[in-house]
Amino acid sequence: MNNIMIGRFVPGDSWIHRLDPRTKMIGTFIFIFVMLWANSWATYAWSAAFVFAMIRLTKQPFKLYWDGLKPIFWLILFTIILQLFFTPGEPVLFQAGPLKITVPGIINAIYVMIRFVLIILMSTILTLTTAPTSIANALESLLKPLKKLHVPVAELALMLSIALRFVPLLMDETQKIMNAQKSRGMSFSTGGPIKRARAIVPLLIPLFVGALQRALDLANAMEVRGFQDATQRTKYRILSYGSEDSKAFAGLFIFSVLFIAIKFFIKY
Amino acid sequence: MVKAIEINNLKYSYDEQPLFNDFNLNIEAGQWVALVGHNGSGKSTLAKLILGLLVADEGQIIVFDEQLSIESVHRVRAKIGMVFQNPDNQFVGATVADDVAFGLENTKVDSSDMPQKIDAALTVVGMQDFKDREPHTLSGGQKQRVALASVLALQPKIIILDEATAMLDPDGRMTVMETLQQLKQQFGQNLTLITITHDMDEATLADRVVVINDGRKILDGTPAKVFSQRRVLHDNGLELPFANELAYQLDKKPEDYMDERELIQWLSTLNK
């Protein structure tokens, strides 16, 4: 259960860890946006090189990133198969009814796989090196303009950070309830899809009841510690944009310029 | 004598069932008071009433000369810190430091003062080396000590612990109780401590023990005085602290003449 932990943060002291979370967030978006224009081996190779350089900079073992990829393995496989069998073009290598494997199909499948893997790796870098609170803070700061439209940005950010904080707890609870029910003869992994779906219902009810109880308790604890209004609070983690962040953006800019150059001048 | 908490003629009904009817209690500043009672005796409800998390039907609650009302509830809460039973459900921050910071952020403490205040509060409870840890990597006892630090950072005059050790293993329970004793030593008369518990061994640490059942005060006095009333405690669903119970059992002796066989039989009943 632990290896599908979303937004898992590993404390560290690398250059990436110390960047402003806003820089990391915007940077990740820019990278993904640029990378979506890749259409050749050279552009994908250049994007991959950039991602792996970033991974090295986080000073975290590659296994952590591999763990981040595992949960979406099936999704990747599914899109690869779609690309493989349904891309039209010449030359056709194999045909069986409407399914055919073509050379462009194979190339496309590999491209899509690389694209998927790189996007996941890049977002893993973000979540691995940034504390959930910092992500929530960054989001609050980036969405600040929406306050003018009366969007409760501060409340949403606080909700997000509390939600992230309770993810591992609710996962544990799910596991406990499943074990308790398994020990009384419930099976979650046999039978057809309808039977399996039914088995989820008695799992969800205690989970929801437990979550609501936690919410009430937490609300009490928050109020007792002086919580009144999410907008009227000071901040422990102050976001500070520094020269290192400028360097990060400069690096990203160089990456993008070279990316465009490679896209137009190298035809492989 | 300064009164930390004064409760006069408190009335409170839960689901139309009267829980408190004309309840009175005074707690002196600087005291350590243990509120004991079995489950459902109303002791946790009392804590929530004092903090204004529940609203009394009638009566007064006065905290350091300030009467609890809708207008004063936030000022009253600022004087009181509370640690709840479930260690997970009161951990707001993503890390230990963030959790201690939560209360400071609410009370608009300047960002630049926070690290020092957080360190100081964590040092008091001996958790300063766990600053960047996430809650799910801590034991129950450690989480409760962080909860205590979160409360201490706000410098309350009163700390209420509502069954704070009930979900802990014996080890965690011991460290929390040791931390409390140390706190009491460090802050002395500047800290009023109220521990709500059904663990009698915990209650023995207090200066004063108040036994509550069905919203009524049953016994009130020093631990020595209260724990001499074994019968009354039993009638209200409570046990003596282990040491007292042992002494009581050892003190029992047969009143009538017994021959050898009868004595053996009598001795065997002691083991039950």
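Data for the structure
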read-out: Equivalent ellipsoid, region A:99-163 (semi-axes from 5 times Cα gyration tensor eigenvalues, Å); value: 39, 15, 9
read-out: Carbon and sulfur %, accessible surface of region B:3-270 computed with the full protein complex present, 1.4 Å; value: 47 percent
read-out: Mean projected area in nm² (Cα convex hull; one quarter of hull surface) for region A:140-268; value: 16.1 nm²
read-out: Estimated FRET transfer efficiency (B:Arg231, B:Val2; beta-carbon r; R0 35 Å; 0.05); value: 0.50
read-out: Options A:Ile110, A:Phe73, A:Asn39, ranked by Cα towards positive dipole end of region A:1-123, top entry (Cβ charges); value: A:Phe73
read-out: Largest-first ordering by accessible area, 1.4 Å probe, given options B:Met174, A:Met186, B:Met114; value: B:Met174, A:Met186, B:Met114
read-out: Greater than 29 Å apart at Cα, pairs in B:Lys108/B:Lys157; B:Lys3/B:Lys217; A:Lys148/B:Lys79; A:Lys176/B:Lys117; B:Lys43/B:Lys225; value: A:Lys148/B:Lys79; A:Lys176/B:Lys117
read-out: Reachable lysines, given that their alpha-carbon falls under 21 Å from the alpha-carbon of A:Lys59 and they are not under 8 places away in the same chain; value: A:Lys24, A:Lys70, A:Lys247
read-out: Charge dipole (debye, nearest 20) of region A:144-224; +1 at Cβ of Lys and Arg, -1 at Cβ of Asp and Glu; value: 360 debye
read-out: Label-point separation, B:Asp251 to A:Thr79 (7 Å along Cα→Cβ), nm; value: 7.7 nm
read-out: Where A:Phe255, A:Phe33 fall by accessible area, highest first, once all protein chains stay in place (1.4 Å); value: A:Phe33, A:Phe255
read-out: Formal net charge of residues neighbouring A:Tyr44 (Cβ-Cβ distance under 15 Å; K, R +1; D, E -1); value: +3
read-out: Estimated 222 nm signal from helices in chain A, with DSSP H stretches of n ≥ 4 weighted -39500 (n - 2.57), rounded to 500; value: -23000 deg cm²/dmol
read-out: Farthest positive-ward along chain B dipole, Cα basis, beta-carbon charges - from B:Asn21, B:Tyr257, B:His38; value: B:Asn21
read-out: Derived scalar couplings ³J(HN,Hα) [region A:97-108; Karplus, 6.51 cos²θ - 1.76 cosθ + 1.60; whole Hz; x for Gly, Pro]; value: x, x, 7, 9, 9, 10, 4, x, x, 4, 4, 4
read-out: Among B:Gln85, B:Gln249, B:Gln67, residue whose mean-square fluctuation peaks in a GNM of chain B (springs only between Cα atoms under 10 Å); value: B:Gln249
read-out: Chains B and A together, accessible area buried on both sides, 1.4 angstrom probe, square angstrom; value: 3100 Å²
read-out: Å³ per residue enclosed by the Cα convex hull of the protein assembly as shown; value: 238 Å³
read-out: B:Gly59 long-range amide H proximity, modeled H, under 5 Å; value: B:Lys11
read-out: Relative contact order, percent, chain A [alpha-carbon distance under 8 Å, six or more residues apart]; value: 30 percent
read-out: Shielding by partners, peptide A:164-172 (average Cβ within 10 angstrom, other chains); value: 3
read-out: Partner aspartates and glutamates for B:Lys131 [C-alpha distance under 14 Å; skip if fewer than 8 residues away on the same chain]; value: B:Asp98, B:Asp99, B:Asp119
read-out: Dmax and Rg, reported as Rg then Dmax, of region B:123-166 (C-alpha, Å); value: 10.8, 31
read-out: Interatomic Cα distance distribution for region A:1-127, bins of 10 angstrom, percent; value: 12, 36, 31, 15, 6, 1
read-out: Number of partner chain Cβ atoms within 10 Å, mean per residue of B:79-90; value: 4
read-out: Coil-residue GluC sites (Glu not before Pro) of region B:33-135, DSSP, other Cβ within 10 Å capped at 10; value: B:Glu71
read-out: Inter-site label distance for A:Ile254 and B:Ser69 at 7 Å from Cα along Cβ, in nm; value: 6.8 nm
read-out: Computed accessible area, A:Arg196, all protein chains, 1.4 angstrom probe, square angstrom; value: 110 Å²
read-out: Antiparallel DSSP beta bridges within the protein assembly as shown, percent to nearest 5; value: 55 percent
read-out: Under 15 Å, Cβ to Cβ, from A:Ser189 - net charge with Lys/Arg +1 and Asp/Glu -1; value: +4
read-out: Region A:117-206: C-alpha gyration tensor shape, a/c 1.5 cut-off, then a/b vs b/c; value: prolate
read-out: Value of Rg to Rh for chain B (Rh from inverse mean 1/r over Cα pairs, i.e. Kirkwood); value: 1.05
read-out: Environment charge at A:Pro61 (Cβ cut-off 14 Å; Lys +1, Arg +1, Asp -1, Glu -1); value: +3
read-out: Selected from A:Thr124, B:Ile80, A:Val51, residue furthest toward positive end of dipole (the protein assembly as shown; charges at beta carbon); value: A:Val51
read-out: Accessible-area value, B:Tyr14, 1.4 Å probe, nucleic acids and ligands omitted, Å²; value: 140 Å²
read-out: Computed label-point distance, nm, for sites B:Thr222 and A:Lys70 using a 7 Å Cα→Cβ extension; value: 6.1 nm
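The values are calculated or read from the model by the stated rules, or taken from the named source; none is laboratory data. All values reported here derive from a predicted model rather than from experimental measurement. Using ideal geometry, Cβ is built from the backbone for each residue, glycine included, and neighbour counts are taken over all protein chains shown. With ligands, DNA and RNA removed, areas are computed over all heavy atoms of the protein, side chains included. Shrake-Rupley method; radii C 1.70, N 1.55, O 1.52, S 1.80 Å.
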